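Single-structure report; data block below.
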Amino acid sequence: SSEEFTRGTEAERNARAIAYFEQAMAIEPNHFLSLVHYARATGGYSLTGWLPENEQEERLAKAEDAILRALQLEPKSAHAHGAHAHVLRAKGEYPQAIEALKLALLHNPHFVHARAELGRTLIDIGQPKQAIAEIERAIEMSPTDISLYTWYYWAGLAALHNSDHAGALNWLLRSLQANPSHDNTLRLMAVALADAGQEDEARKKIGEFLKARPGATLDDWRRPNWDSHPEVTVRRERIRATLKRLGVPEDKLQSASKP
């Protein structure tokens, strides 16, 4: 999923890709691949937190319009249903996103990325155990996948939501080994260590994270529509409170004033 992209240049590439897909659609409004990739890229841009909040509604509406046109052209396309799920998840319509992913898997049971994204989306509706089961199935299906570190990370997030700090640490360690440059893994490892009562180790890990991501703040991970499930909201606030206690600043002003 695009939630796990690195910042900076990756955001710029994503924005350029969206612009190219828009140009393609202006030339040929019903070009199937342009519609699908435009919708997926826009959903990903939102899920990473790169899309300004005041642009969310309009741009996601355009993305949904594009993917619905694509689905009219090819209603049995697993990739189109997967892209639709991406947009729905960005809109906070998690049950609908899950249904779209199930449709993708119905049309292509071997669509491993849809399987993993189904796992990620189950976290959003308060089903972390089921999330891990789906992610484990994806890993079994594609054990050398390029997205493996992301799937390990999602499983670690699901374990945190399931109050299983030992399981979370195990998954997150595997994620870090698969991709040492993915700094969000350090952030969640710190939370898992704190949950395990290893406060000193947790603070060290946050130190590593802030060194890798200078200027990071607590609001970097907040997304519109995140408060749609009460149980999940409580868990997210708990993670946020732990990060705050460990030293992640609340806003850019505090971040900039740190020595």
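Summary of values
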quantity	calculated
Residue count, the range 150-197 (criterion: touching a residue at least 12 places away in the same chain (Cβ under 8 Å) and assigned to a loop (DSSP other than H, G, I, E, B))	6
The range 31-85, subset surrounded by fewer than 21 Cβ atoms within 10 Å (Cβ to Cβ) and of a type in the set (Phe, Trp, Tyr), residue farthest from the chain's Cα centre (by Cα)	PHE32
Residue list for the range 164-194, restricted to those being small (Gly, Ala, Ser) and at pLDDT below 95	SER181
Any chance ILE125 is of a type in the set (A, V, I, L, M, F, W, C) and open to solvent by 60 Å² or more (accessible area, probe 1.4 Å)	no
Failed item in (1) in a helix (DSSP H, G or I); (2) among the polar types (S, T, N, Q); (3) more than 23 Å from LEU118 (Cα to Cα), with ASN14 passing the rest	(3)
Filtered residue count, the range 198-225, keeping only those that are outside any helix (DSSP H, G or I) and modelled with pLDDT of 95 or more	1
Hits in the range 83-107 - residues which are within 22 Å of PRO230 (Cα to Cα) and in a helix (DSSP H, G or I)	ALA85, HIS86, VAL87, LEU88, ARG89, ALA90, TYR94, PRO95, GLN96, ALA97, ILE98, GLU99
Checking ARG120 against (1) basic (Lys, Arg); (2) crowded, with 24+ Cβ neighbours inside 10 Å; (3) more than 13 Å from the chain's Cα centre (by Cα), the condition it does not meet	(3)
Cβ-Cβ under 7 Å pairs, at least 6 apart or on other chains, the range 71-86 side free of Cβ contacts under 8 Å to residues at least 40 places away in the same chain, far side open to solvent by 20 Å² or more (accessible area, probe 1.4 Å) and of a type outside the set (Gly, Ala, Ser)	LEU71/HIS84; LYS76/HIS107; ALA78/HIS107; ALA78/ASN108; ALA78/PHE111; HIS81/LEU103; HIS81/HIS107
Complete set of residues in the range 180-216 that are under 20 Å from ASP251 (Cβ atoms) and surrounded by 19 or more Cβ atoms within 10 Å (Cβ to Cβ)	ASN184, ARG187, ALA190, VAL191, ILE206, PHE209, LEU210, ALA216
Flag for HIS110 being assigned to a helix (DSSP H, G or I), modelled with pLDDT of 95 or more and either open to solvent by 20 Å² or more (accessible area, probe 1.4 Å) or not polar (S, T, N, Q) (or both)	no
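The values are calculated or read from the model by the stated rules, or taken from the named source; none is laboratory data. Note that the structure is a prediction, hence the values are computed from the model and not measured. Counting neighbours? That spans all protein chains shown, and the Cβs are built from the backbone with ideal geometry, glycine included. The protein model used for the area step is the full one, side chains on, heavy atoms only, and it has no ligands, DNA or RNA in it. Shrake-Rupley method; radii C 1.70, N 1.55, O 1.52, S 1.80 Å.
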